[in-house]
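The structure under discussion appears below in the form of structure tokens.
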Protein chains: 2
Amino acid sequence: MGENYSIGEFSKKTATTIRTLHYYDELGLLKPSYVSEKGRRYYTDKDFITLQRILALKFLGYSLEQIKEFFQKKTWDLMHSLSFQRNEMVQKKEQIENVIKALDRALHIVEDRNEIEPSVFITLINTIQMENEQKEWLKGYIDKDLVEEIYSLPENEQLELEKKWVELSTELKKLADLDHEDDRVQVLIGDMMSLVNDLTGDDLAFVQEISDKEVEDEIWLFHSPFTAEEEEWMANALDTYLKRKGVHLNNEDGTKES
Amino acid sequence: MGENYSIGEFSKKTATTIRTLHYYDELGLLKPSYVSEKGRRYYTDKDFITLQRILALKFLGYSLEQIKEFFQKKTWDLMHSLSFQRNEMVQKKEQIENVIKALDRALHIVEDRNEIEPSVFITLINTIQMENEQKEWLKGYIDKDLVEEIYSLPENEQLELEKKWVELSTELKKLADLDHEDDRVQVLIGDMMSLVNDLTGDDLAFVQEISDKEVEDEIWLFHSPFTAEEEEWMANALDTYLKRKGVHLNNEDGTKES
DNA sequence: ACTTGCTTCTCACGTTACGTGAGGATTTAT
DNA sequence: ATAAATCCTCACGTAACGTGAGAAGCAAGT
């Protein structure tokens with residue numbers, strides 16, 4: 001009951017390490033009730049209660065420094081303190097949820113194809129990570145409602161789109177040594193475009209718009225998975241594609257039969 | 001395009017502090033493409049891509065050390081790595097959710113009564129924190145199904161019970177200088193008992209059972225909000241209560257009218 | 001050439017809550 | 001008394017930078 005425990009006994013009873021008790025002593029958070037002449041620490045039941053307090057507050061996410069203050073201050077606005085702490089924790093939780101979401105999406109894409117281009121992978125993560133910033137950024141370039149629409153896709157459609165995008169990007173990178181007018185390339189470019197169309201409706205022009213914008217002074221928000229050379233190659237391929245498409249459209253508009 | 005950026009320019013473009021870039025250089029994570037004779041660092045677009053990779057992986061919760069390894073290793077089991085990371089994050093999330101739950105319950109109790117006995121408060125947090133450990137512990141003493149039943153109460157009932165428990169504990173502590181046979185004390189003890197009854201059905205004996213158990217060698221899992229003296233006082237009050245109740249019960253059993 | 005002013009450089013200590021020895025003193029058991 | 005536990009006090013290590021301190025580099029104006 002009213003016994004004195006050596007630090008070893010006390011640490012076993014409380015499932016706390018000796019080092020931790022030393023540390024709390026050093027901080028002045030929990031001084032043992034009795035210290036022998038030659039410096040040995042002895043704890044009592046009273047100290048146990050103090051330790052419980054410390055552990056409880058630590059569990060709630062307070063730092064040892066804050067706990068020390070609580071112990072010293074007479075007045076402690078519990079209500080305010082608790083709800084503040086709650087906010088902190090909720091934020092942390094949301095942050096973690098974002099990470100989990102990103103991991104899930106990455107996993108979904110990686111699951112069948114165990115190999116993935118690092119650059120494509122990184123771009124994907126960046127896209128997920130900066131979804132919100134990107135939303136704001138994109139709103140500067142295309143219609144706001146459209147942006148909201150893009151990001152309000154149902155979960156699984158989003159996943160499928162991402163998957164397709166990864167596949168196409170990967171394939172395109174593989175073909176980067178072919179001529180940009182090669183049919184295989186043009187097919188992929190076409191697929192890429194129709195993927196974009198799925199998102200943007202039929203506003204093909206928006207692709208051009210975006211690529212023409214000035215971004216000199218801004219922070220580099222994201223980069224494509226393609227190198228500078230690949231980007232140029234793709235730009236050419238895209239030009240070719242649009243030209244042919246234009247012709248094709250004209251054909252359709254003019255004479256229905258080729 | 002293919003420019004060289006000073007560390008200041010680069011840090012602005014990438015929204016990364018200079019110190020961070022210094023640090024990554026030191027770790028060998030991101031060495032600037034070019035270093036002048038007198039030690040000035042100059043970065044290029046290639047470095048930007050590397051930085052993006054670092055940031056993306058950091059976002060997913062990897063340490064800089066791990067990221068360094070990823071960069072060095074030829075083979076990188078992405079699938080396994082990602083799902084492992086997912087588990088880690090989910091655990092973290094659950095931990096935080098527990099904390100939030102505890103904060104919510106504490107807030108609910110504190111909300112009207114802005115003042116609360118520290119000892120009562122700590123006990124409450126401990127109770128919440130160690131709910132699972134307690135469940136296992138209690139199962140050693142009372143019926144397992146009963147334990148499950150206690151903890152499977154609907155959310156709001158749980159909250160109300162806790163609230164009542166805090167109120168009663170607080171009131172009891174206030175009356176601790178009165179005689180344990182005082183009627184006001186006995187009323188509170190009665191309330192406490194009926195609260196316990198709400199949880200345990202009519203098994204009054206279980207209170208006795210628990211208090212008689214040996215706990216000498218075990219880790220101290222929890223403590224009551226009462227001091228040693230208060231506990232003795234309460235034990236006496238409880239004795240008195242049970243005795244009177246016994247008489248009363250006998251009365252009821254024997255002669256229905258007093 | 002000199003001064004002003006801005007940028008960058010390299011130490012190097014501070015942060016948080018302990019973990020992990022090192023080396024010596026003290027207590028307990030035999 | 002001697003061996004075996006236990007405990008003591010330094011004191012460095014951790015992760016990812018933040019934050020000066022003091023000195024040097026660099027472009028521009030006088």
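Which of the helices (runs of 4 or more DSSP H) contained wholly in the range A:1-79 include at least 2 residues that are of a type in the set (Gly, Ala, Ser)?
Working: elements: A:7-14, A:18-27, A:45-59, A:64-72.
So the answer is A:7-14.
Filter the range A:71-96 for residues that are hydrophobic (A, V, I, L, M, F, W, C) and at the interface with chain B (Cβ under 9 Å from one of its Cβ atoms); which is farthest from B:PHE121 (Cα to Cα)? Break it down into steps so the answer makes sense when it comes.
From the range A:71-96, those hydrophobic (A, V, I, L, M, F, W, C) are A:71, A:76, A:78-79, A:82, A:84, A:89-90, A:96; that's our starting set.
Then drop every residue that is not at the interface with chain B (Cβ under 9 Å from one of its Cβ atoms), which leaves A:76, A:78-79, A:82, A:89-90, A:96.
On the way: A:TRP76: 13, A:LEU78: 10, A:MET79: 12, A:LEU82: 12, A:MET89: 20, A:VAL90: 22, A:ILE96: 29 Å.
Filtering first and then ranking leaves A:ILE96.
Select, from A:LEU172, A:LEU188, A:LEU242, A:LEU199, the only residue that is surrounded by 12 or more Cβ atoms within 10 Å (Cβ to Cβ), over 20 Å from A:SER119 (Cα atoms), at pLDDT 80 or above and aliphatic (A, V, I, L, M).
Numbers: A:LEU172 fails: over 20 Å from A:SER119 (Cα atoms); A:LEU188 fails: over 20 Å from A:SER119 (Cα atoms); A:LEU199 fails: at pLDDT 80 or above.
Of the residues listed, the single one that is surrounded by 12 or more Cβ atoms within 10 Å (Cβ to Cβ), over 20 Å from A:SER119 (Cα atoms), at pLDDT 80 or above and aliphatic (A, V, I, L, M) is A:LEU242.
Count, please, the residues in the range B:66-83 that happen to be basic (Lys, Arg) and surrounded by 16 or more Cβ atoms within 10 Å (Cβ to Cβ).
Taking the range B:66-83 first, the residues basic (Lys, Arg) are B:68, B:73-74.
When the remaining residues are screened for being surrounded by 16 or more Cβ atoms within 10 Å (Cβ to Cβ), the result is B:68.
So the answer is 1.
State whether the residues of the range A:75-89 include one that is within 30 Å of B:HIS80 (Cα to Cα) and either hydroxyl-bearing (Ser, Thr, Tyr) or in the same structural domain as A:TYR151 (by TED's automatic domain parsing) (or both).
Restricting attention to the range A:75-89, the residues satisfying the condition of being within 30 Å of B:HIS80 (Cα to Cα) are A:89.
In the following step, the residues that additionally are either hydroxyl-bearing (Ser, Thr, Tyr) or in the same structural domain as A:TYR151 (by TED's automatic domain parsing) (or both) were identified as A:89.
So far as the range A:75-89 goes, yes, one or more of its residues are within 30 Å of B:HIS80 (Cα to Cα) and either hydroxyl-bearing (Ser, Thr, Tyr) or in the same structural domain as A:TYR151 (by TED's automatic domain parsing) (or both).
Of all residues in the range B:104-115, how many are surrounded by fewer than 20 Cβ atoms within 10 Å (Cβ to Cβ), at the interface with another protein chain (Cβ under 7 Å from one of its Cβ atoms) and closer than 18 Å to A:LYS74 by Cβ?
Total meeting the criteria: 1.
Here are some conditions: (1) out of contact with any Phe, Trp or Tyr (no Cβ under 9 Å at 6 or more places or on another chain); (2) aliphatic (A, V, I, L, M); (3) more than 11 Å from DNA strand C (Cβ to nearest atom). A:LEU55 meets all but one. Which one does it not meet?
Result: A:LEU55 fails condition (3) only.
Within the set of pairs 6+ apart or on separate chains, which have a first residue in the range B:55-75 that is more than 20 Å from B:SER11 (Cβ to Cβ), a second that is among the β-branched types (Val, Ile, Thr) and more than 16 Å from DNA strand C (Cβ to nearest atom), and C-beta atoms under 6 Å apart?
From residues that are more than 20 Å from B:SER11 (Cβ to Cβ), the pairs are B:GLY61/A:VAL99.
Considering only the range A:1-21, state which residues are out of contact with any helix residue (DSSP H, G or I) (no Cβ under 8 Å at 6 or more places or on another chain), within 8 Å of DNA strand D (Cβ to nearest atom) and not charged (D, E, K, R).
Correct list: A:SER6 only.
Could you check, for the range A:22-40, whether at least one of its residues is within 7 Å of DNA strand C (Cβ to nearest atom), within 14 Å of another protein chain (Cβ to nearest Cβ) and under 39 Å from the mean Cα position of the chain (by Cα)?
Checked against the condition, which is being within 7 Å of DNA strand C (Cβ to nearest atom), within 14 Å of another protein chain (Cβ to nearest Cβ) and under 39 Å from the mean Cα position of the chain (by Cα), the range A:22-40 yields no hits at all.
Please work out which residue is farthest from the chain's Cα centre (by Cα), limiting yourself to the range A:10-21 and to residues that are free of Cβ contacts under 8 Å to residues at least 12 places away in the same chain and within 12 Å of DNA strand C (Cβ to nearest atom).
Initial filter on the range A:10-21 (free of Cβ contacts under 8 Å to residues at least 12 places away in the same chain): A:11-12, A:15, A:17-20.
Then keep just the ones that are within 12 Å of DNA strand C (Cβ to nearest atom); that gives A:11, A:15, A:17-20.
Details: A:SER11: 40, A:ALA15: 36, A:THR17: 35, A:ILE18: 38, A:ARG19: 36, A:THR20: 34 Å.
Once the filter is applied, the top-ranked residue is A:SER11.
Given the conditions (1) within 16 Å of DNA strand D (Cβ to nearest atom); (2) in the same structural domain as A:ASN126 (by TED's automatic domain parsing); (3) in contact (Cβ under 8 Å) with a residue 24 or more places away in the chain, report the number of the one that A:LEU29 does not fulfil.
Evaluating A:LEU29 over (1) within 16 Å of DNA strand D (Cβ to nearest atom); (2) in the same structural domain as A:ASN126 (by TED's automatic domain parsing); (3) in contact (Cβ under 8 Å) with a residue 24 or more places away in the chain leaves (2) as the failure.
Report, by residue number, each residue of the range B:48-88 that is acidic (Asp, Glu) and away from DNA strand D (no atom under 16 Å from the Cβ).
Within the range B:48-88, the first condition is being acidic (Asp, Glu), and the residues that meet it are B:65, B:69, B:77, B:88.
If the condition is that a residue be acidic (Asp, Glu) and away from DNA strand D (no atom under 16 Å from the Cβ), then B:ASP77 is the only one that fits.
The values are calculated or read from the model by the stated rules, or taken from the named source; none is laboratory data. This is a predicted model, so every value here is computed, not measured. Cβ: placed from backbone, ideal geometry, glycine included. Neighbour counts: every protein chain shown.
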